[in-house]
Amino acid sequence: MNPKLTAAVMFTLFASLTGCSSVLISGVVRDKPTGNPISSATVTVGEESTATDAMGSYHLDISDTTKAMVVNAPGYFLYTKTIGDDKINDIDLVPRK
């Protein structure tokens, strides 16, 4: 079994047993002008963080949807947004010139 999948399943099981609720958010981070995916961008919400894969995709279990999402990638402006009820958060990063 995939180690990331195993960790996500274990976290979800632990959260359900302890009464904590988590929300899985996901999306794709892309270059705004070209639409190309950005790999290795960092997606952070509160203390939870992950990196995008080669296709720009990310998945992150969070417990607090009121915290801001911060997306950072070398050569791009920092991006922030509030999660709210959005489960899918595709992000278009603007390159620095």
What's the total number of residues in the range 70-82 that are at pLDDT below 95 and either in contact with a Pro (Cβ under 6 Å, 6 or more places away or on another chain) or closer than 21 Å to residue 39 by Cα (or both)? 1
Any residue that is surrounded by fewer than 12 Cβ atoms within 10 Å (Cβ to Cβ) and either without any contact (Cβ under 8 Å) to a residue 12 or more places away in the chain or small (Gly, Ala, Ser) (or both) - is there at least one of those in the range 56-63? no
Taking the range 69-85 and keeping only residues that are within 15 Å of residue 58 (Cβ to Cβ), surrounded by fewer than 16 Cβ atoms within 10 Å (Cβ to Cβ) and more than 12 Å from the chain's Cα centre (by Cα), one is left with none
When the residues of the range 15-45 are narrowed to those that are surrounded by 16 or more Cβ atoms within 10 Å (Cβ to Cβ) and in a loop (DSSP other than H, G, I, E, B), which ends up modelled with the lowest pLDDT? 22
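The values are calculated or read from the model by the stated rules, or taken from the named source; none is laboratory data. Model, not experiment: these values are computed from the prediction. Ideal geometry is used to build each Cβ from the backbone, glycine not excepted, and the neighbour counts take in all protein chains shown.
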